[in-house]
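The values are calculated or read from the model by the stated rules, or taken from the named source; none is laboratory data. Being a predicted model, the structure only gives us computed values, none of them experimental. Backbone-built Cβ (ideal geometry, glycine too); neighbour counts: all protein chains shown. For accessibility, only protein heavy atoms count, side chains too; no ligands or nucleic acids. Shrake-Rupley method; radii C 1.70, N 1.55, O 1.52, S 1.80 Å.
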Amino acid sequence: MENGDESGERPQSVTTAMPTTSEIDAIACLRGLQAAGTLACATRSSDGSPRVRFLSGLHFELDAVYILASNGMPFSRQLLSDNRIQLLGEVRHGVSVRLTGTAELLPEEERMRWRLCIFRERPDYRELYPPLKYDDSLVFAVRNGYFEYLDLVSVPILRVYVPFGDGKVSASGFEITPDCGRCGSCQSACPQSCIKSGDPFYIVQENCLQCGACVAACPRGAIRRMA
């Protein structure tokens, strides 16, 4: 990222120690994706079926992720018809960052700057894709969405959702409704011990594995999936 990182050095990890929830923000998640390097990218084809590929033609700024795409390739056509996108990277073993958002096609007058950035950072692209010239390639920017930081190594696990740009978090998981009878069956079933006593009982969402064991254990059907 050029903004806020004048040294130009590639960050090696989000942090060396297990971060707290307050330490995980959009900048930390962006640095995590940048450190991961090659990212898995999911889009939808014209018939609605999922398409996944690896991406490395990326440039990171504090307010956007820029993506280089050859004009005419299926990837470009998919983003032009349905701009929803997910980027996923493994920061280190068991720790991942996912960005869910929308990809905006930059107008022609803005593309050259980011083409140059990406080709400068990835000179191998000129050899791998000789037809991919500056004037032929498209550049998309992901500026709005939300991050999911997931650490499956820590005990209990840590899952944090962070908004990006003007995006809104669309969290998943489960919640306990007022129909809870406070019997404790869900607590006993939870592998992360993240269900706490109360009226009703409640789930500590940042430590929830979202496995659904509590749903199966509840005799009153008082646990539901979050919208």
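Give me the strands (runs of 3 or more DSSP E) completely within the range 20-85, filtered to those with at least 1 residues that are open to solvent by 20 Å² or more (accessible area, probe 1.4 Å), ordered by residue number.
It comes to 39-44, 50-55, 64-70.
Scan the range 191-200 for residues that are open to solvent by 60 Å² or more (accessible area, probe 1.4 Å) and under 18 Å from ARG159 (Cβ atoms) and jot them down. Give the steps one after another, and end with the answer.
First, the residues of the range 191-200 that are open to solvent by 60 Å² or more (accessible area, probe 1.4 Å): 191, 193, 196-197, 199.
PRO191, SER193, LYS196 - these are the residues of the range 191-200 that are open to solvent by 60 Å² or more (accessible area, probe 1.4 Å) and under 18 Å from ARG159 (Cβ atoms).
Under 20 Å from LEU30 (Cβ atoms), exposed (fewer than 15 other Cβ atoms within 10 Å of the Cβ) and either in contact (Cβ under 8 Å) with a residue 12 or more places away in the chain or touching a Gly at 6+ places or on another chain (Cβ under 8 Å) (or both): does that describe ARG113?
Details: under 20 Å from LEU30 (Cβ atoms): yes; exposed (fewer than 15 other Cβ atoms within 10 Å of the Cβ): yes; either in contact (Cβ under 8 Å) with a residue 12 or more places away in the chain or touching a Gly at 6+ places or on another chain (Cβ under 8 Å) (or both): no.
No.
Kindly check whether there is at least one residue in the range 129-147 that is among the hydrophobic types (A, V, I, L, M, F, W, C), touching a Leu at 6+ places or on another chain (Cβ under 8 Å) and within 30 Å of ALA222 (Cα to Cα).
There is at least one residue in the range 129-147 that is among the hydrophobic types (A, V, I, L, M, F, W, C), touching a Leu at 6+ places or on another chain (Cβ under 8 Å) and within 30 Å of ALA222 (Cα to Cα).
Is it the case, given these coordinates, that VAL204 is over 30 Å from HIS59 (Cα atoms) and touching a Lys or Arg at 6+ places or on another chain (Cβ under 7 Å)?
Taking the combined requirement at face value, the residue satisfies it.
Select from the range 86-110 the residues that are surrounded by fewer than 15 Cβ atoms within 10 Å (Cβ to Cβ), more than 27 Å from LEU152 (Cα to Cα) and not charged (D, E, K, R) and list them in ascending order.
Correct list: PRO107 only.
Quick test for you: out of SER188, SER154, pick the one residue that is open to solvent by 40 Å² or more (accessible area, probe 1.4 Å) and outside any strand (DSSP E or B).
SER188
Can you name the residue in the range 122-144 that is at pLDDT below 90 and under 25 Å from the mean Cα position of the chain (by Cα) and is also surrounded by the fewest Cβ atoms within 10 Å (Cβ to Cβ) among such residues?
Looking only at the range 122-144, we keep the residues that are at pLDDT below 90, and these are 122-137.
Still in the running and under 25 Å from the mean Cα position of the chain (by Cα): 122, 125, 137.
Details: ARG122: 15, TYR125: 18, SER137: 22.
So, considering only residues that are at pLDDT below 90 and under 25 Å from the mean Cα position of the chain (by Cα), the one surrounded by the fewest Cβ atoms within 10 Å (Cβ to Cβ) is ARG122.
Select from the range 168-180 the residues that are modelled with pLDDT of 95 or more and open to solvent by less than 40 Å² (accessible area, probe 1.4 Å) and write down the one among them that is nearest to ASP199 (Cα to Cα).
CYS180
For the condition open to solvent by less than 50 Å² (accessible area, probe 1.4 Å) and either modelled with pLDDT under 95 or more than 25 Å from the chain's Cα centre (by Cα) (or both), what is the one hit in ILE223, ILE203?
On the way: ILE203 fails: either modelled with pLDDT under 95 or more than 25 Å from the chain's Cα centre (by Cα) (or both).
Among ILE223, ILE203, only ILE223 is open to solvent by less than 50 Å² (accessible area, probe 1.4 Å) and either modelled with pLDDT under 95 or more than 25 Å from the chain's Cα centre (by Cα) (or both).
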